[in-house]
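Reading through the structure tokens given below for one structure.
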Amino acid sequence: MKNWLILVAGTAVLALLPLSGDNYLLRLATIAAMYVVLAQSWNFIGGLAGYPSFATAGFFGLGAYTSAILMSMGVPLLISWAAAGLSAVLLSAFIGGAILHLRGHYFAIASLVTVEVLREVVNTTPDLTGGGMGLNLPIMRMSVAEHAMFFYYSMLALACACMACAIVVHKSKLGFGLRCIQQNEDAANILGINTYFYKTAGFAFSAVFAGIAGAIYASWVHYIEPPDVFDILLSVKPLVMVLLGGLGTIFGPVIGAFMLLALEEVVWRNFLTLHAAALGVVIVALVLFMPNGLLSVTREKFGFRAKKGSPEVKP
Amino acid sequence: MIYFQVLANGLILGGLYACVAVGFSLVWGVLNVINILHGTFVVLGAYIAYFGYVHLGIHPFLSIFIAGGLLYGIGYVIQAGLVNRVVAAPVLITLTLTFGLDLILNNSMIVAFSADYRQVNLANPLPALMLGPVFLPGDRVAAMILAFLLTALLWRVLRDSRIGRAIVAVRMDREAASLMGVDVGRINAVTFGIGALMAGAAGALLSIIYPISPITAPIYLGKAFIVCVIGGLGSVPGAMIGGLALGIVESFGAYWFGPEHALTLSFLLLLVLLFVRPGGILGKKGYE
């Protein structure tokens, strides 16, 4: 119940943001909502089930291209966004069937390679996707302010849906099963959890929102190209955000997303050529000094015990 | 008869891939760490060879020792100072740490050397060989032979030297090795150093063949992954066979489907292999 209240209150506050009339702020908030979606998506498979997936960029890019191609064929906006989510789920079911039996490093690499294969496929099919030239989306007929507001609310709605889904899943049998898989997959299997089904479901949840986020992003920026939407950093940042906020928690990914975005803005402004290195420094410091995320640090500091069942990373 | 030429190209490429991958495979096998830095180490080795040749006139083949030595030092320090602190943590942690380190090193290299492609153009290239209908560029063949010698040398070191046996012991059982008086932390650092050394040496050899730029690092990392999966993490011979197999597959793939699809083909090969045989073709426990 507390989680729902936080979610509703947070959304209500964020929904008032366009009143400020600051388009730069609105743009940042749209990106923040997108980061929340990506981080929470990754949390389903990476945080709950403990499978280090690098496929997020693949779902994002596939969603972006699916909706872009459909829209250039004249399909309405919302239908093409939904189709993007569906295509990401289909991809997750397809590759999940092939790679979810792998563990640890092997799963990480297989999911990483999936992104590379998708990018190469897009690169080498210029007739359909524009190849390396990229793809232009139809321009929408609305003013700049309306445009910014429309995409802000779209992304915010998606982030809300994703958070609501996370709250439901965390409390449900699915979330419980995924946490069991993280702690000991063989034991979970013996105790009658259909690990294969649970992992595939977790992977599908991590795909659908990332795919729709890709679609909204593509319509928002009007132009996509393979190195942009299949960027490997799109797979890595969600992981960093979740680690920042707290692995396997509900609001950890949100905190992590806002922190990473704030950090990126500061670094982009001051050290443009070194932004990747600065991100690297953050990652290294994070891994070495607080592998359980910020939420765990505050919990320790204020003497709260870690909640039962919340997964801990042993450094 | 064009097939013999394609096969020869594949073997030359494969020998170099084996050398690129063997250090990565060693680190993965012994430390259970995926070293994302590996590709950047290869490029750094290539830069050392490039600058050695352009400014000091040192032949890239001699730079193997300089690049290998410097990279060994860098690798040793990184493992001893940073990675050792989390080496027993779950996959996600070590993988993320080396990824972060890679962002730092790769970005620094782009700032220092720019992302422009550079090339070593040897003033006195070795003459090409003609073996019947097969054309063999002398320098590439020499690079491949050196790559094989280095890989074989690593194999001997692991089999016959004291430190090599200690590395194999840590690979088999960390606790037992520690009880037998092996300083596991130091062996970890040495292993990571050797992995970096092999990457640097391979980079020096590759500098005469491929254009050099920090943005090519992920390509070498990808190749190392694929070679490990084909050959399995168990062995130096596995990395050799994996490297040769990848070289031949890429060479024929490029011939039949066009060079732009070679990379996709090798990645698809990797996915298929992960699906049917995640342990690799020669996969077995114990690193030799």
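What follows draws every value from the coordinates through simple rules; no lab data is involved. Remember, it's a predicted structure, so these values are computed and weren't measured experimentally. As a convention, Cβ positions derive from the backbone with ideal geometry for all residues, glycine included, and neighbour counts pool all protein chains shown.
What are the residues whose amide H is under 5 Å from the amide H of residue B:212, where those residues sit 5 or more places off or on another chain and H is modelled from the backbone?
Excluding prolines and chain starts, which carry no amide H, the hits are B:118, B:119.
What is the distance, in nm, between label points placed 7 Å from the Cα along the Cα-to-Cβ direction at residue B:162 and at residue A:191?
5.0
As a footprinting exposure proxy, order B:17, B:210 by other Cβ within 10 Å, with the fewest listed first.
Details: B:17 30, B:210 17.
Lowest to highest Cβ neighbour count: B:210, B:17.
Exposure proxy check: B:99, A:59, B:61 ranked by fewest other beta carbons within 10 Å?
Numbers: B:99 23, A:59 36, B:61 17.
Lowest count first: B:61, B:99, A:59.
Working out 0.36 nm times the residue gap between residue B:59 and residue B:2, then minus their Cα-Cα distance, what length gain in nm do you get to one decimal? Intermediate values should be presented prior to the final figure.
Values: separation 57, 0.36 × 57 = 20.52 nm, distance 3.22 nm.
Taking residue B:59 through residue B:2 to full extension adds about 17.3 nm, to one decimal.
222 nm [θ] for chain A, helices only, -39500 (n - 2.57) per DSSP H run of 4+, per residue, to 500? Mind dumping the intermediate values first?
Details: 15 runs with 230 residues, N = 315.
It comes out at -24000 deg cm²/dmol, rounded to the nearest 500.
For a test of understanding, tell me how many lysine pairs in the protein assembly as shown have Cα atoms under 21 Å apart, given they are 8 or more places apart or on different chains.
Summing the qualifying lysine pairs gives 12.
Pop the C-beta distance of residue B:180 and residue B:116 into the FRET formula with R0 = 35 Å and round what comes out to the nearest 0.05. Show your work: numbers first, answer last.
Working: r = 51 Å, r/R0 = 1.45.
Rounded to the nearest 0.05, the efficiency is 0.10.
Work out the FRET efficiency for residue A:268 and residue A:101 from their Cβ-Cβ distance, taking R0 = 60 Å, and round it to the nearest 0.05.
On the way: r = 40 Å, r/R0 = 0.67.
The calculated FRET efficiency here is 0.90.
How large is the helix-only mean residue ellipticity at 222 nm for chain B, computed as the sum of -39500 (n - 2.57) over DSSP H runs with n ≥ 4, divided by its residue count, in deg cm²/dmol to the nearest 500? Working shown, then result.
Numbers: 11 runs with 209 residues, N = 288.
Using -39500 (n - 2.57) per qualifying helix, the result is -25000 deg cm²/dmol.
For the stretch A:203-219, in order, what is each residue's ³J(HN,Hα) by Karplus, 6.51 cos²θ - 1.76 cosθ + 1.60 with θ = phi - 60°, in whole Hz (x at glycine and Pro)?
Running phi through 6.51 cos²θ - 1.76 cosθ + 1.60 with θ = phi - 60° gives 5, 5, 4, 6, 8, 4, 6, 4, x, 5, 4, x, 5, 5, 4, 4, 5 Hz.
Where does helix B:162-172 land angle-wise versus the long Cα axis of chain B, in degrees 0 to 90, nearest 10?
Once rounded, the angle reads 80 degrees.
Considering Cα pairs under 8 angstrom that are at least six residues apart, work out the relative contact order of chain A and quote it in whole percent.
Numbers: 454 pairs, mean separation 96.5, N = 315.
Relative contact order of chain A: 31 percent.
Quick one: what are the phi-derived ³J(HN,Hα) couplings along the stretch B:206-216, Karplus 6.51/-1.76/1.60 with θ = phi - 60°, whole Hz, x for glycine and proline?
Running phi through 6.51 cos²θ - 1.76 cosθ + 1.60 with θ = phi - 60° gives 6, 4, 7, 10, 9, x, 10, 6, x, 6, 8 Hz.
With a/c under 1.5 counting as rounded, go ahead and sort the stretch A:2-236 into rounded, prolate or oblate using the C-alpha gyration tensor (a ≥ b ≥ c being the square roots of the eigenvalues; past the cut-off, prolate if a/b is larger than b/c, else oblate). Don't jump to the answer; show the numbers that get you there.
Working: a/c = 2.37, a/b = 1.28, b/c = 1.85.
Oblate, because a/c is 1.5 or more while a/b does not exceed b/c.
By counting other Cβ atoms within 10 Å of each Cβ, how are A:249, B:264 ranked from fewest to most? Numbers along the way, then the final one.
Working: A:249 25, B:264 19.
The most exposed by this proxy come first: B:264, A:249.
I'd like the Karplus ³J(HN,Hα) series for the stretch A:89-106: coefficients 6.51, -1.76, 1.60, θ = phi - 60°, whole numbers in Hz, and an x wherever there's a Gly or Pro.
5, 4, 4, 5, 5, 5, 6, x, x, 8, 10, 6, 7, 7, 10, x, 4, 5
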